[in-house]
1. Rounded if a/c is under 1.5, else prolate if a/b beats b/c, else oblate: with a ≥ b ≥ c from the C-alpha gyration tensor eigenvalues square-rooted, which is the range 390-492?
2. Assuming 1.306 mPa s and 10 °C, estimate D for the range 65-137 with Stokes-Einstein, Rh taken as the Kirkwood radius over Cα pairs, in µm²/s.
3. Which lysines does Lys269 reach when only Cα atoms under 26 Å apart count, and residues fewer than 8 places away in its own chain are ignored?
4. Calculate, axis by axis, the spread of Cα positions in the range 4-375 along the three principal axes, and write the results as whole Å, longest axis first.
5. If the label point is 7 Å along Cα→Cβ of Asn268, which residues in the range 315-349 have backbone nitrogen under 20 Å from it?
6. For Gln294 and Gln342, what does the FRET efficiency come to when R0 = 25 Å and r is the distance between their Cβ atoms, rounded to the nearest 0.05?
7. By DSSP, what percent of the beta bridges with both residues in the range 313-464 are antiparallel, rounded to the nearest 5?
8. Let a ≥ b ≥ c be the square roots of the eigenvalues of the Cα gyration tensor of the range 297-367; is it rounded (a/c under 1.5), or, if not, prolate (a/b larger than b/c) or oblate?
Amino acid sequence: MKPVKYLFLSAILAIVLSSCKKNNSAVDNNPADTTRQVSTPFDINSINDTYADVAPFTYYPKWGPYNVHDPSVKKFGDYYYCYSTDVGFGITVPAGIQIRKSKDLVQWTFVGWVFNGVPSQGGNYITQSGGTPYQALWAPYIMKVGNEYRLYYSLSSATARLSVIGLATASSPEGPWTERGVVESSKNDNTTQTNAIDPTVVVTPAGEHWMYYGSAWDGIYILKLDPATGLAAVQGDKGKRIANRGFTNGAYNGNIEGAEIIYNPTLNKYFLFISYDWLQTKYNVRVCRADSPQGPFYDYNGADANTNADHGPMILAPYQFTGHGGWQGTAHCGVFDDGNGQYYMAHQGRPGVNSYYMDLHVRKIFWTAEGWPVVSPERYANVPQSTIARADLVGNYEQIVLGYRVVPGYANEQTSPDFQTAVSLTLGADGSINSDANSTWTYAAPVLQLKWANGYTDKVIVSQERDWENKITSTIVFTGLNNTGTAIWGKKK
């Protein structure tokens, strides 16, 4: 069975083309750019779930948060820069990694491309290994080392596991970019190994550079890099596996890929975010943590991530609030901070009404008292925060429990998004939940505790965010974990 990334490419091959070459200043040279010269106030309500009106390639300066997949986001100076996979809805797009930027994580401007097509060094490796490279680049990772910007990219082929991770560098986040070399590669040589795609890198306080990569087949690997070059510290080294779940066609009928790694200096821990399952359906994000970049990484229940098991907590998954078609494909995340300790998660979202649209979602990350990251149930909209009193919490909510757990042998993993749907929740002024005196809630800002009569206790963090489904400027939301490590979301009606 081919891994998720290959199935994904087969599904959207008609919308990727390399012969359409553009340079890094393409946006400035395109006649369509004249539509952006008129300065008009930005209307957040203009951001829609679908975007057929601007999907044709001639409108790419208007793509903003649209046609974003596998985003890697970092803040450089006054701007957040987003680098993403070569995809477009119903159209052909150039190969080269798309670049966008934003000052507020809400309004995004299309900048251009990293490459003018498939980079030669990565392409040559695949060709010399007997394959034909896809005319599309996947899953980039961006970082800055000193004054140098480093862009890692994934290039694959129709031959399973014949893939490569390459590196390009620049003196500006907008380029121009120069190829530096091949960092990691894989071949379909009938040995147990992972797939050389989906890179992410962490720098330790001691200055070590570690790259994590892999998709399906044999899990997520860690590889030591040379900090001076960004390439492998030992040429030909594959590293070691640090996370697993079992093969896609194995007992757990599931896939892991698209890892993201961060080091949180406040908690002095490394957090490994891993994407589970098929991007067209149940694509969801799990997280494990470790004291060392080399692991072992442990899940919520203390199990080693490098075991054939389903790990948690799951902090993001396909979801559906009332009156909305829902969002699926909610994984392959990028995690980044604003320079002042506030972390965010970026990922693609595919609307349930048509799952071939791909929208950029950014969510605020909160940290539980036990040191686990959780994400807002609503996308970030730069909503001003104010004091939330106990009386403000009284009322009706929509609650979502991210309770999906894979079942061994479950055959529906790649056929249904399994939306985690909203149910009604009422917090009474008397401290009861849903008018049940045996289920109670208490509040010690910013933590709301829901103690249920059935033995579950939800500890969630309260904040204010935009209600995207109903286009309401601000409402109360909450996110957290219950006592079994299941993520709990809520939004006040």
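1. Working: a/c = 2.22, a/b = 1.42, b/c = 1.57.
Oblate is the answer for the range 390-492, as a/c is 1.5 or above yet b/c matches or exceeds a/b.
2. Reported coefficient: 119 µm²/s.
3. Lys74, Lys75, Lys144, Lys224, Lys238, Lys240, Lys364, Lys459
4. Taking the Cα atoms of the range 4-375, the three principal extents are 54, 51, 41 Å.
5. 341
6. 0.35
7. Details: 34 of 36 bridges.
Taking every DSSP beta bridge with both residues in the range 313-464, the antiparallel ones total about 95 percent.
8. Oblate, since a/c reaches 1.5 and b/c is not below a/b.
The numbers here are math on the coordinates, done by the rules we state, and not lab data. Just so it is clear, the model here is predicted, and its values are computed rather than measured. Backbone-built Cβ (ideal geometry, glycine too); neighbour counts: all protein chains shown.
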